[in-house]
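Right, one structure below, let's go through it.
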């Protein structure tokens, strides 16, 4: 008998409630969860300390909690003698932001107290710092401004918003971040399709002289000694990648999710998430008439539901050596209780419930990563494999093979030649038809943006990177990148053509890029930044060669 949508939701929430009830019988809390934005500079600081072998830092999945970041900073403080003068000053600076996470929060008998525009015990100024019995709430404004100039560009970007986070009791954490952004002037990018920048959802596409869009991240989390469960809207990144991540990136806008993290052993971590995606496809069967044409149509438009379930494990094989493996599946049309079970083998379940019928099934992927930190002194090495489809029996058969996969190889050395200089190189190749699917509602996208690498499929890219910090909190970046991009092909070519079209078939363009940026975090969360980018594009299809230069200068507060 078919199960109704309501029954699916009831079972989903019942499962979540059982997880939370079971957690009440675990040991006392050690780490409440408030997720920290994945582009904070503290991630790079701690990753570099791990690369030098000073601390352990598990950042294969982002974002991480503020409490976990604080614990890593605390571990680092006990090895102060191993840090340079610049690293010590940066440690003190980051302690100002995250030190409160180490105090355990207000006591049960804490009298109600609200401070406005005053420093906290770690001398971090806050707009609002409120405390009561077992409750903490912190609020700060969000402001940004930047000018973007260059070839056909004269754009002014401004934004404002609010960031709130806090803790309740001994188990709950929450955060909410809102930023409203406006870009005006000729040359603003309304599509964000050929850039690693996060995609946007414009509020009124009919406006031609400017664009306005919003960003929101937020969640409520329940945590216990060695795990947590969160409900919210945020990004979920998986794997390493300097120029792009082939498994899960922040190219697509933040999406609603249920996230479950669990560490049963010191050497084993487990992560699960179910994410509500946007298909951008109208569900004509459910669309109906409203009886009026106030906005030019009488249609109540409904979209085809689209979801993603993903889980992975991380095994700490030895000191500095991590092995990660995971699985994801894109499914559509309705919520499915099978994909809400964290330990389910998604592809096995899909074959069973859909009778192995490709027309009724879902789109599954497998991914792997191995990384090494400081096994070679001050060196990070990593490799990621993303498998969309593969036939192991014909993997080396040029006619019958279906090697639809992507791979990244990368490495870097820090303190190279001079202190705080990091030199890195990375190569990424994604074969034709990766991320694509014969069912439009099950492509590896959300809101029309790829959830893996921003370049899509049928490309390769080589990136050289230099990072340098001449004095505390002043970050310099220089990278040089070359890439080649082939055509997308057709569904017929993807599923029926033998042999499969070769790598880089229908070559579209070759590109070279130089990017240089500097930033200075003069106060916590106040960044001054500038960048210059020069892109040389050889358009094979039109035989045209162009060079575009872009310069930006601005500041951000609260991001």
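Among all residues of the stretch 320-327, there is none that is crowded, with 18+ Cβ neighbours inside 10 Å, without any contact (Cβ under 8 Å) to a residue 60 or more places away in the chain and over 16 Å from residue 269 (Cβ atoms).
Only residues that are touching a helix residue (DSSP H, G or I) at 6+ places or on another chain (Cβ under 8 Å), farther than 13 Å from residue 354 by Cβ and not in a loop (DSSP other than H, G, I, E, B) were counted across the stretch 326-340, and they come to 5.
When 222, 165 are checked against the criterion of being part of a strand (DSSP E or B), in contact with a helix residue (DSSP H, G or I) (Cβ under 6 Å, 6 or more places away or on another chain) and modelled with pLDDT of 95 or more, a single residue qualifies: 222. For the stretch 107-124, a tally of residues being surrounded by fewer than 16 Cβ atoms within 10 Å (Cβ to Cβ), closer than 22 Å to residue 177 by Cα and touching a residue at least 24 places away in the same chain (Cβ under 8 Å) returns 0.
Does any residue of the stretch 382-390 turn out to be within 30 Å of residue 469 (Cβ to Cβ), surrounded by fewer than 14 Cβ atoms within 10 Å (Cβ to Cβ) and modelled with pLDDT of 95 or more? For the stretch 382-390, residues within 30 Å of residue 469 (Cβ to Cβ), surrounded by fewer than 14 Cβ atoms within 10 Å (Cβ to Cβ) and modelled with pLDDT of 95 or more: absent.
Scanning the stretch 349-376 for residues that are surrounded by 17 or more Cβ atoms within 10 Å (Cβ to Cβ), under 23 Å from the mean Cα position of the chain (by Cα) and free of Cβ contacts under 8 Å to residues at least 60 places away in the same chain yields 364, 366, 368, 372. Residue pairs whose Cβ atoms lie under 7 Å apart, separated by 6 or more positions or on different chains, with the first residue in the stretch 191-212 and in contact (Cβ under 8 Å) with a residue 40 or more places away in the chain and the second surrounded by 15 or more Cβ atoms within 10 Å (Cβ to Cβ) and not in a loop (DSSP other than H, G, I, E, B), are 199/449; 200/213; 201/213.
Listed conditions (1) in contact with a strand residue (DSSP E or B) (Cβ under 8 Å, 6 or more places away or on another chain); (2) touching a residue at least 12 places away in the same chain (Cβ under 8 Å); (3) farther than 30 Å from residue 533 by Cα are all met by residue 160, apart from (3). Considering each residue of the stretch 486-503 in turn, none proves to be in contact with a strand residue (DSSP E or B) (Cβ under 6 Å, 6 or more places away or on another chain) and either within 30 Å of residue 125 (Cβ to Cβ) or at pLDDT 95 or above (or both). Annotation: of all residues in the stretch 394-408 being touching a residue at least 12 places away in the same chain (Cβ under 8 Å) and loosely packed, with under 14 Cβ neighbours inside 10 Å, the one that is nearest to residue 464 (Cα to Cα) is 398. How about the stretch 291-302: which of its residues are out of contact with any strand residue (DSSP E or B) (no Cβ under 6 Å at 6 or more places or on another chain) and either surrounded by 13 or more Cβ atoms within 10 Å (Cβ to Cβ) or assigned to a strand (DSSP E or B) (or both)? Within the stretch 291-302, 299, 302 qualify.
Residues that are part of a loop (DSSP other than H, G, I, E, B), surrounded by fewer than 20 Cβ atoms within 10 Å (Cβ to Cβ) and modelled with pLDDT of 95 or more are absent from the stretch 27-35.
The listed residues are 189, 261, and the only one of them that is surrounded by fewer than 22 Cβ atoms within 10 Å (Cβ to Cβ) and not in a strand (DSSP E or B) turns out to be 189.
Of the residues making up the stretch 192-225, those that are surrounded by 14 or more Cβ atoms within 10 Å (Cβ to Cβ) and closer than 30 Å to residue 71 by Cα are 198, 215, 216, 217, 218, 219, 220, 221, 222, 223, 224.
Taking residue 252, is it at pLDDT 95 or above and either in contact with a strand residue (DSSP E or B) (Cβ under 7 Å, 6 or more places away or on another chain) or surrounded by fewer than 18 Cβ atoms within 10 Å (Cβ to Cβ) (or both)? Spelling it out, residue 252 is indeed at pLDDT 95 or above and either in contact with a strand residue (DSSP E or B) (Cβ under 7 Å, 6 or more places away or on another chain) or surrounded by fewer than 18 Cβ atoms within 10 Å (Cβ to Cβ) (or both).
The values are calculated or read from the model by the stated rules, or taken from the named source; none is laboratory data. All of these numbers come straight from a predicted model, not from anything done at the bench. Glycine gets a Cβ as well: all are built from the backbone with ideal geometry, and neighbour counts include every protein chain shown.
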